[in-house]
Amino acid sequence: MAEDHHHFMGLTLEESRLALEAGNSPVGSIIVRDGEIIGRGQNRVISHNDPTCHGETDAIRNACEALGTPDLPGSTLYTAMEPCPMCCWAIVLAKVETLVLGARHAEMGRTDYGDYSVEKLLEMGNQTVELVTGVRVAECEALRRSWSGWVEPEA
């Protein structure tokens with residue numbers, strides 16, 4: 001399974017690079033079910049003038065539209081950056097079973113989300129999503145730091 005996570009996070013990084021090339025934050029996501037990609041997404045906030053078009057929500061919209069359903073049970077969402085609270089809750093609402101993360105806000109020293117984490121939001125909302133962390137973290141962090149909108153936290 002770790003091999004699959006490594007492979008699919010590589011495809012997520014490709015989506016992230018495409019987002020960056022379009023002038024957006026380099027966050028991409030893919031959704032996989034039964035070994036097949038059912039949704040792809042990129043952060044498109046700048047290119048679409050849509051503050052809700054993050055990589056995760058874009059992938060969820062893509063998968064739900066393709067499958068004709070608002071629910072994605074049995075699926076795994078891969079994302080290069082820990083989802084923000086909006087995206088995390090969209091993952092819950094879409095009934096995504098597993099979330100695989102690359103970079104984490106706390107490990108990157110981000111303070112703009114306070115002490116937020118996916119785990120804290122899920123606990124607060126009494127929700128369960130299987131969480132897998134530590135997948136291609138260095139690559140995900142490096143890509144995020146390469147973005148012109150990234151501000152290195154002060155030490």
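The values are calculated or read from the model by the stated rules, or taken from the named source; none is laboratory data. What you are looking at is a predicted structure, and each value in this text was computed from that prediction instead of being measured. Neighbour counts run over all protein chains shown; Cβ positions are idealised from the backbone, glycine included. Quick note on the areas: whole protein, heavy atoms, side chains included, nothing else; ligands and nucleic acids left out. Shrake-Rupley method; radii C 1.70, N 1.55, O 1.52, S 1.80 Å.
Quick notes on this structure:
- Antiparallel bridges, percent of DSSP beta bridges restricted to the chain (to nearest 5): 55
- Here is the tail figure for the range 60-103: Cα pairs spaced more than 12 Å apart come to 58 percent of all pairs.
- Calculated Rg and Dmax of the range 30-84 using C-alpha coordinates, Å: 11.1, 34
- Residue 93 versus residue 18: modelled label distance in nm, points set 7 Å from Cα along the beta carbon direction: 2.4
- Surface share of carbon and sulfur [accessible, 1.4 angstrom probe, percent] for the chain: 51
- Computed [θ] at 222 nm, deg cm²/dmol, the chain (DSSP H ≥ 4; -39,500 (n - 2.57); rounded to nearest 500): -12000 deg cm²/dmol
- The residues of the chain expose on average 50 square angstrom of accessible surface per residue, using a 1.4 Å probe on protein heavy atoms.
- Amide H contacts of residue 131 (H built 1.01 Å from N, under 5 Å, at least 5 apart or other chain): 99
- Under the combined filter of DSSP loop state and at most 15 neighbouring Cβ atoms within 10 Å, the range 91-134 retains these trypsin sites (Lys or Arg not before Pro): 95.
- Remark: the range 52-60, residue by residue, has Karplus-estimated 3J(HN,Hα) of 9, 8, 8, x, 5, 5, 5, 5, 5 Hz, where x stands for each Gly or Pro and the curve is 6.51 cos²θ - 1.76 cosθ + 1.60 at θ = phi - 60°.
- Ordered by solvent-accessible area of protein heavy atoms (1.4 Å probe), largest first, the residues 9, 124 come out as 124, 9.
- Whole-angstrom gap from the range 1-52 to the range 84-118, using each part's C-alpha centre: 15
- Restricting the calculation to Cα atoms, the chain shows an Rg/Rh of 0.94 when the hydrodynamic-style radius is the Kirkwood one.
- Using only alpha-carbon positions in the range 1-72, the gyration tensor eigenvalues give semi-axes of 20, 17, 7 Å once each is multiplied by 5 and square-rooted (largest first).
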